[in-house]
Structure formats: structure tokens, C-alpha cells
Amino acid sequence: MKSSSPFSRRFQLRALMLACLFLFFKGEAINLSFGFGAGWRKLNDRYLREVYGDGYVFIPQAQLQLSRFVSIEIAYEGGYEKRAAIGIYQEPSTLKIAGWEFSGLCHYSFRGFRPFAKFGLGYYGYRQDIDSPHVPWRVNHHHFSFQAGTGVCFLFGSKFYFQPEIKFVWLKVKPFNQQVDLGGWRYIISLGYRL
């Protein structure tokens, strides 16, 4: 019999954690919301920014409000994929960065809007392919790092919201012998729905 794959074990662990969270807060007034954000990300590394440039990102997200002042959030940042010629021989290359983010939020509600600050952990994947006729080159790594942000959630009725935010990601990586800073600022606008 085949043993279960790491993916299925991770899925089972997440399902168990969600079930425990549900049971722990059963009977409490919990607000669950889903949103979709899009915006612009900066790339800190000067050389890579000159080659690939900054770019667009999209961020689907889910947020669980645990109390009047505290929420937790899970989000996926994707969409940054750039192609450019690189190096002395101007060989075609691709850079792709994406990742999962887990955050804790502190917020305070006013009538019609709610400012917030958040801090969390991210698990980011970065991949660079250089299509060289001599020696094809690939980096495909993952890295844990921190991210933090702030913004304002504007409420429309009891269900819909509009949320501009700024966020900074710390992501210094060292795939070989040279450190590269893939972190930077994000400027995001999200629309969402509260259950």
C-alpha cells in the first residue's frame, strides 16, 4: 500500500486545525470574509529591478475576525512573472515570485471604516530560468520571511468592503554565493465580502 503523500498530510493537518478553530470559537460571534486584491509590487534588488522591473500582483485572501480588535488572515500573492534578456549575451530569462502569507491583524472599528495594522509570516517561492545555449541555469527555491502592513477597510452596508493597504515584505535570499533582495513594498486595493 502506498503511503500518503506529503501534500495529503499537509492538507489533513490544515483541515484538523480549521476544525479545532471552529470548535474553539463555536457559539462566538465570528465574522468570516473573503476578498480579492490587486496592485503593484516593488523589487528591492537594484540589478533585478533594472532587468525585470516592478510589476503587478494579485492577492486572494480570507480573514477571520476573532474579536472586536483582532483578526487572522491567510492570503496568496501571485502574478509577478517577468521575462527579460539578461547578462552579457542578453540571454532570455524569466523571474517568478509568489507566496503564502499568514497574518495577525489589530484593528479598531469606527462608523463606516476600520483602520488596521498587520504582521505575519510568509512562505515565498522564487524561480529564475536563464535559457542559455551554453549552460541552462535555474534557481527554484522557497524561503520563510516576515511581512507587515497597514491600511483602512471601508465598509459598504453590512457585507461589502473596499480596502487600500500598503505592505512591506522582507525577502533576502542567497541561492548561491550572492545575496539578493527580492523584498519590497506592495500597494494593494482589495474588494471583499463578509459572510
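The numbers here are math on the coordinates, done by the rules we state, and not lab data. Note that the structure is predicted; figures quoted are calculated from it, not measured. No Cβ is skipped: glycine too gets one built from the backbone with ideal geometry, and neighbour counts run over all protein chains shown.
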Revision key, fill the gap. Under 5 Å from the placed amide H of Phe160, counting only residues 5+ away or on other chains, we find Arg194
Exercise for review: Identify the trypsin sites (Lys or Arg not before Pro) of region 101-149 meeting these criteria: DSSP loop state and at most 11 other C-beta atoms within 10 Å of the C-beta.
Suggested key: Arg111
Exercise for review: Under 16 Å Cα to Cα from Lys118, which aspartates and glutamates show up? Leave out anything in the same chain fewer than 8 places away.
Suggested key: Glu73, Glu77, Glu101, Glu165
Review point. Hey, what's the Cα Rg ratio for region 30-194 versus the globular rule of thumb, 2.2 N^0.38 Å?
Key: 1.17
Review point. Picking from Thr150, Tyr124, Leu171, whose Cα lies most toward the positive end of the charge dipole for region 30-194 (charges on Cβ: Lys, Arg +1; Asp, Glu -1)?
Key: Thr150
**Study point:** Pairs beyond 18 Å (Cα-Cα), from Lys42/Lys167; Lys96/Lys174; Lys96/Lys172; Lys42/Lys172; Lys82/Lys167; Lys42/Lys82
**Key:** Lys82/Lys167
